[in-house]
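A.B. asks: Got a structure for you, questions after.
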Amino acid sequence: MSIFHPKGNWFRPPTGSERLWIGMALAWCLVMSVTMPWWHFQGKQNAPQTTYEVEPAVFEDRVDEFVETNQVGEMNNIPIVQPEPGGDAYLMGRIWQWYPILKLKKGQTYRIHLSSIDLQHGFSLIPMNMNIHVLPGYDYVMTITPTTTGEFSIICNEFCGIGHHTMTGKIIVEA
């Protein structure tokens, strides 16, 4: 019977506690509307970034060259690379792997290049609250300065196929 209008005077303006709750909801919306842009610029939770177009094959060649010149070890048949502080580091998403493992120094600034060579992937740095969509054809460059030592896991948070649950990586930060 929803295609018919209710009979009689069915609308009554809010009164009493209904008005209080509507007012509180409106006030909270206004507070959040101001807080979210302020936090975006003042909260220092967003890494400065730039995005460039790049052919996936070209990006893969850059990653391979980066690995050849900066490899310092290996973990589970994946190269561990240590870029020069202040330099560029490359991290590639591909069917079901983040490649290579990055080894960074605490307090040093790096430009991290992220891209995918096959599908859309999600870059999520755990336990940090950093989530980035990584698309083929785009080189996402972010400037970071690690402030905490340890091993940080990278997971893909964008479904990328049957092996999605195995798509992990690692960033190691040392003093």
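The values are calculated or read from the model by the stated rules, or taken from the named source; none is laboratory data. Everything numeric here is computed off the predicted structure, so don't read it as measured data. Note that each Cβ is placed from the backbone with ideal geometry, even for glycine, and that neighbours are counted across all protein chains shown.
A.B. asks: Considering only segment 79-107, how many residues are of a type in the set (S, T, N, Q) and at pLDDT below 95?
C.D. replies: 1
A.B. asks: Is there any pair linking a residue in segment 87-107 that is in contact (Cβ under 8 Å) with a residue 12 or more places away in the chain to one that is small (Gly, Ala, Ser), with Cβ under 6 Å and at least six apart or on different chains, and which?
C.D. replies: Final answer for the pair search is GLY93/SER116; TRP96/GLY163; TRP98/GLY169; LEU102/ALA89; LYS106/ALA175.
A.B. asks: Same structure, new question: Restricting to segment 40-86, name every residue that is touching a residue at least 24 places away in the same chain (Cβ under 8 Å) and acidic (Asp, Glu).
C.D. replies: Answer for segment 40-86, where residues must be touching a residue at least 24 places away in the same chain (Cβ under 8 Å) and acidic (Asp, Glu): GLU53, GLU55, GLU60.
A.B. asks: Another question about this same structure. Taking the conditions exactly as written (buried (at least 18 other Cβ atoms within 10 Å of the Cβ), among the basic types (Lys, Arg) and either under 15 Å from the mean Cα position of the chain (by Cα) or modelled with pLDDT of 90 or more (or both)), does ARG111 satisfy them or not?
C.D. replies: The answer is no for ARG111.
A.B. asks: Report every pair of residues separated by at least 6 positions or lying on different chains whose Cβ atoms are under 9 Å apart, first residue within segment 139-165 and on the phi < 0 side of the Ramachandran plot and without any contact (Cβ under 8 Å) to a residue 40 or more places away in the chain, second hydroxyl-bearing (Ser, Thr, Tyr) and assigned to a loop (DSSP other than H, G, I, E, B).
C.D. replies: THR145/THR109
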